[in-house]
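The values are calculated or read from the model by the stated rules, or taken from the named source; none is laboratory data. Predicted model only: the values in this text are computed from it and were never measured. Ideal geometry is used to build each Cβ from the backbone, glycine not excepted, and the neighbour counts take in all protein chains shown.
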Amino acid sequence: MMRAKPLPLKQTLALALGLAALDQLSKIAIVFWAGFATHETRHILPFLDFTLIWNYGISYGLFAEGGTAGRIFLIGIALAAIGFFTYLMRGAEHFRLSVAYALICGGALGNLIDRLWHGAVVDFISLHAAGYYWYVFNMADIWITGAVIILIYDAFRAE
């Protein structure tokens, strides 16, 4: 089975920028347009709430105690990830990899903008069921998770 050709670099970069823009628009809507207060929860659906959280660390709030040095370190990690996956975009072997790299870059850029603008990442999506809650996340986290799923699928897919 032949794999679809990779996206041209300009299209892959445009996709990454578009995804980062969607992430930022969603966060602007929560922080500025909807006027959420920190930790305020609004029920959207029986399994979905919007709750504004300022995440000073990474997933699950890990490494949030780092202060300015931690923030600078996480900014450096984001810049390195964006650079690395942008480099990989140039040699993507097929369409799925182009999309995965764009998802990672778009997500990393969205969260990087938050760190530079607010000093923390804006998280607001809260999924729950039967009294169990997942951690609060944002669109950028969805992009990155989607990319990881694509990369794992691709790694195990038979040639």
Of the numbered conditions (1) on the phi > 0 side of the Ramachandran plot; (2) modelled with pLDDT of 90 or more, residue 61 satisfies every one except a single condition; which is it? (2)
Looking at the structure I just gave you, is residue 112 touching a residue at least 60 places away in the same chain (Cβ under 8 Å) and closer than 24 Å to residue 71 by Cα? no
If a residue must be small (Gly, Ala, Ser) and touching a Phe, Trp or Tyr at 6+ places or on another chain (Cβ under 6 Å), how many such residues does the range 128-159 contain? 1
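Might you let me know whether the range 34-44 holds any residue that is over 18 Å from residue 141 (Cα atoms) and at pLDDT below 95? Write out each step before concluding.
Kept after step one, since they are over 18 Å from residue 141 (Cα atoms), are these residues of the range 34-44: 34-44.
This time we only want the ones that are at pLDDT below 95, so: 35.
For the range 34-44, residues over 18 Å from residue 141 (Cα atoms) and at pLDDT below 95: present.
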Collect the residues in the range 132-152 that are in contact with a strand residue (DSSP E or B) (Cβ under 9 Å, 6 or more places away or on another chain), assigned to a helix (DSSP H, G or I) and surrounded by fewer than 20 Cβ atoms within 10 Å (Cβ to Cβ), keeping them in residue-number order. 142, 145
Here is a list of conditions, (1) hydrophobic (A, V, I, L, M, F, W, C); (2) at positive phi; (3) modelled with pLDDT of 95 or more, and residue 29 meets all of them except one; can you say which number that is? (2)
Among the strands (runs of 3 or more DSSP E) contained in the range 28-131, which hold 2 or more residues that are more than 22 Å from residue 13 (Cα to Cα) and within 15 Å of the chain's Cα centre (by Cα)? 48-55, 121-129
Quick one: in the range 23-48, which of the residues that are aliphatic (A, V, I, L, M) and in contact (Cβ under 8 Å) with a residue 60 or more places away in the chain is surrounded by the fewest Cβ atoms within 10 Å (Cβ to Cβ)? 48
Only residues in the range 67-93 that are surrounded by 14 or more Cβ atoms within 10 Å (Cβ to Cβ) count as the first member; pair them with residues that are not in a helix (DSSP H, G or I), Cβ under 6 angstrom, at least 6 apart or cross-chain, and list the lot. 70/63; 92/6
